[in-house]
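K.L.:
Handing you a structure now.
The values are calculated or read from the model by the stated rules, or taken from the named source; none is laboratory data. Note that the structure is a prediction, hence the values are computed from the model and not measured. So basically every Cβ, Gly included, is an ideal-geometry build from the backbone, and we count neighbours across all protein chains shown.
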Amino acid sequence: MARSCAGARRTLLSGSSYPASPTKPSASGHGASKRGYKMSSVQIVDVKKSYGATPVIHGVSVDIEDGEFVILVGPSGCGKSTLLRMIAGLETISGGEISIGERVVNHLQPKERDIAMVFQNYALYPQMTVAQNMGFALELAGAKKAEIKEKVDTAASILGLQPLLARYPRQLSGGQRQRVAMGRAIVRDPKVFLFDEPLSNLDAKLRVQMRTEIKALHQRLKSTIVYVTHDQIEAMTMADKIVVLNGGRIEQVGSPLQLYDRPVNMFVAGFLGSPAMNFIEGTVRDDPHPGLELDNGSIIPLSAIPAGAAGRRLVLGVRPEDIHIDSETGAAAKVIVVEPTGAETHLSVEMAGHELVCVLRERVTLKPDETVMLSVRKSAVHFFDPASGSRIG
């Protein structure tokens, strides 16, 4: 046990993927910022990252306010975890500047940044109990046993871990292990919490439960959290602010509802929302009434069209929940799949060569190959340029 603990101490102190003990930097620091940000804010300014000649982060800038819950979201390989690791000090920065509080941290070691990171794989020491895992960073920092016990007990109370403090990681479920990893971060009382896809190893039911617990934890601690996920449902339900990344660049930054209601392009529109937004390309008409003319001559009625759009070919974006059955003015669609979920019915249909998904609030008795007349909620449509994908209007 002594040999194992010694090895664990070396791992923590080396600044590897396991959390390091908090260490106060020297008074001189490394180019302390004069911007006057709050102590737990994070500022990312024109940050770049390259591996050799291959750039992976292209001049990203984000302001994260004190106490804000910010989620970096995007598809696999978009650079979100790389950006988080640069904040943590686990990746070097090729260009730009990262500040935590009033300090520029580009050249500080992870243990000097006063952050705590929660990993996807929990990173718990198997030879230590839950209590020992949670208090180990404080032990390395030279804290007294009474202080360690008090902080561990407080974190365990917050997370409901009191009955598990004497157990070992192998005796815990996946959700319990993730709580222990969170507890280990809490006891350090860091300026910033960093979460790297912490729920990706959990089953669907447990992910929903842990989403609620992490959000409740943030509301209780009021700490700054930067959280990475590829799951847009996690982003929508948990974040104060979402940063959508794609190909190492920021597509859009805003609150969940801002991004949902006014996506700046087709990538954001299609990435956020479940089921995803439908895209229908056609020609915009305004005579005799506003509408989108599809390739088969069908018209989707609209309440209004963007200024100067008449006659242009545009992409209409419609969320599945904004499509409804309308036997009088709807456009014809062929039913492909009917998926009743109880409170809702999900329909997959084909309309003028476009496959669409609809979420109906009522129960229907439609069958595959039947024809259904569908309309869109006219006030909830989006228009995009088919070439650039940018929002119109």
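K.L.:
Would you pick out the residues in region 339-350 that are touching a Lys or Arg at 6+ places or on another chain (Cβ under 7 Å) and either in a strand (DSSP E or B) or within 16 Å of R391 (Cα to Cα) (or both)? Write out each step before concluding.
P.N.:
As a first pass, look at region 339-350 and keep what is touching a Lys or Arg at 6+ places or on another chain (Cβ under 7 Å): 340, 344-345, 349-350.
Within region 339-350, P340, T345, V349, E350 qualify.
K.L.:
Can you confirm whether L245 is not aromatic (F, W, Y) and not in a strand (DSSP E or B)? Before you say what the answer is, go through the steps one by one.
P.N.:
On the way: not aromatic (F, W, Y): yes; not in a strand (DSSP E or B): no.
For L245, the condition - not aromatic (F, W, Y) and not in a strand (DSSP E or B) - is not met.
K.L.:
Working carefully through the options V253, V268, V264, V284, find the one that is of a type in the set (A, V, I, L, M), under 30 Å from K48 (Cα atoms) and crowded, with 21+ Cβ neighbours inside 10 Å.
P.N.:
Details: V253 fails: crowded, with 21+ Cβ neighbours inside 10 Å; V264 fails: crowded, with 21+ Cβ neighbours inside 10 Å; V284 fails: under 30 Å from K48 (Cα atoms).
Answer to the check: V268.
K.L.:
Can you name the residue in region 83-99 that is among the β-branched types (V, I, T) and surrounded by 20 or more Cβ atoms within 10 Å (Cβ to Cβ) and, of all such residues, is farthest from A216 (Cα to Cα)? Before you say what the answer is, go through the steps one by one.
P.N.:
Here is the first cut: in region 83-99, the residues among the β-branched types (V, I, T) are 87, 92-93, 98.
So of that shortlist, the ones also surrounded by 20 or more Cβ atoms within 10 Å (Cβ to Cβ) come out as 87, 98.
On the way: I87: 24, I98: 28 Å.
Filtering first and then ranking leaves I98.
K.L.:
Right, here's the next one. For region 283-324, name all the residues that are over 27 Å from E362 (Cβ atoms) and outside any loop (DSSP other than H, G, I, E, B).
P.N.:
T283, V284, R285, E293, R313, L314, V315
K.L.:
If you don't mind, there's one more thing I want to ask. On the given criteria, is A352 more than 23 Å from G273 (Cβ to Cβ), surrounded by 13 or more Cβ atoms within 10 Å (Cβ to Cβ) and aliphatic (A, V, I, L, M)? Spell out the reasoning first.
P.N.:
On the way: more than 23 Å from G273 (Cβ to Cβ): no; surrounded by 13 or more Cβ atoms within 10 Å (Cβ to Cβ): yes; aliphatic (A, V, I, L, M): yes.
For A352, the condition - more than 23 Å from G273 (Cβ to Cβ), surrounded by 13 or more Cβ atoms within 10 Å (Cβ to Cβ) and aliphatic (A, V, I, L, M) - is not met.
K.L.:
Could you list, in sequence order, the residues of region 121-140 that are surrounded by fewer than 17 Cβ atoms within 10 Å (Cβ to Cβ) and touching a Ser or Thr at 6+ places or on another chain (Cβ under 8 Å)? Before you say what the answer is, go through the steps one by one.
P.N.:
Step one: list which residues in region 121-140 are surrounded by fewer than 17 Cβ atoms within 10 Å (Cβ to Cβ), which gives 121, 126-127, 139.
Within region 121-140, just Q127 meets the criteria.
K.L.:
Right, something else. Identify, from the list A156, A181, A166, the residue that is surrounded by fewer than 18 Cβ atoms within 10 Å (Cβ to Cβ) and assigned by TED's automatic domain parsing to the domain that holds V228. Even if it seems obvious, please write down each step before you answer.
P.N.:
Values: A156 fails: surrounded by fewer than 18 Cβ atoms within 10 Å (Cβ to Cβ); A181 fails: surrounded by fewer than 18 Cβ atoms within 10 Å (Cβ to Cβ).
After ruling out the rest, the residue left standing is A166.
K.L.:
Related question: Are any of the residues in region 233-241 touching a residue at least 12 places away in the same chain (Cβ under 8 Å), outside any helix (DSSP H, G or I), crowded, with 19+ Cβ neighbours inside 10 Å and over 10 Å from the mean Cα position of the chain (by Cα)? Steps first, please.
P.N.:
Step one: filter region 233-241 for residues touching a residue at least 12 places away in the same chain (Cβ under 8 Å), giving 233-241.
From what's left, outside any helix (DSSP H, G or I): 239-241.
Narrowing further to those that are crowded, with 19+ Cβ neighbours inside 10 Å: 239, 241.
When the remaining residues are screened for being over 10 Å from the mean Cα position of the chain (by Cα), the result is none.
Checked against the condition, which is being touching a residue at least 12 places away in the same chain (Cβ under 8 Å), outside any helix (DSSP H, G or I), crowded, with 19+ Cβ neighbours inside 10 Å and over 10 Å from the mean Cα position of the chain (by Cα), region 233-241 yields no hits at all.
K.L.:
Next question. From the list S14, S50, S99, exactly one residue is closer than 22 Å to M134 by Cβ, over 17 Å from the mean Cα position of the chain (by Cα) and either at pLDDT 50 or above or not charged (D, E, K, R) (or both). Which is it?
P.N.:
Working: S50 fails: closer than 22 Å to M134 by Cβ; S99 fails: closer than 22 Å to M134 by Cβ.
Residue meeting the stated conditions: S14.
K.L.:
What single numbered condition from (1) among the polar types (S, T, N, Q); (2) over 17 Å from the mean Cα position of the chain (by Cα); (3) under 23 Å from H230 (Cβ atoms) fails to hold for S94?
P.N.:
(3)
K.L.:
Restricting attention to region 356-383, report how many residues are outside any loop (DSSP other than H, G, I, E, B) and closer than 19 Å to I299 by Cβ. Give the derivation first.
P.N.:
In the first step, residues of region 356-383 are kept if they are outside any loop (DSSP other than H, G, I, E, B); the result is 356-360, 371-376, 378-380, 382-383.
Going one step further and asking which of them are closer than 19 Å to I299 by Cβ, we end up with 356, 358, 371-376, 378-380, 382-383.
Going through region 356-383 one residue at a time, the tally reaches 13.
K.L.:
Being assigned to a helix (DSSP H, G or I), in contact (Cβ under 8 Å) with a residue 40 or more places away in the chain and surrounded by 15 or more Cβ atoms within 10 Å (Cβ to Cβ) is the filter here; which residues of region 187-224 pass it?
P.N.:
V187, E213, K215, L217, H218 - these are the residues of region 187-224 that are assigned to a helix (DSSP H, G or I), in contact (Cβ under 8 Å) with a residue 40 or more places away in the chain and surrounded by 15 or more Cβ atoms within 10 Å (Cβ to Cβ).
K.L.:
How about region 112-147: which of its residues are out of contact with any helix residue (DSSP H, G or I) (no Cβ under 8 Å at 6 or more places or on another chain) and in contact (Cβ under 8 Å) with a residue 60 or more places away in the chain?
P.N.:
E112, D114, Q120, N121, A141
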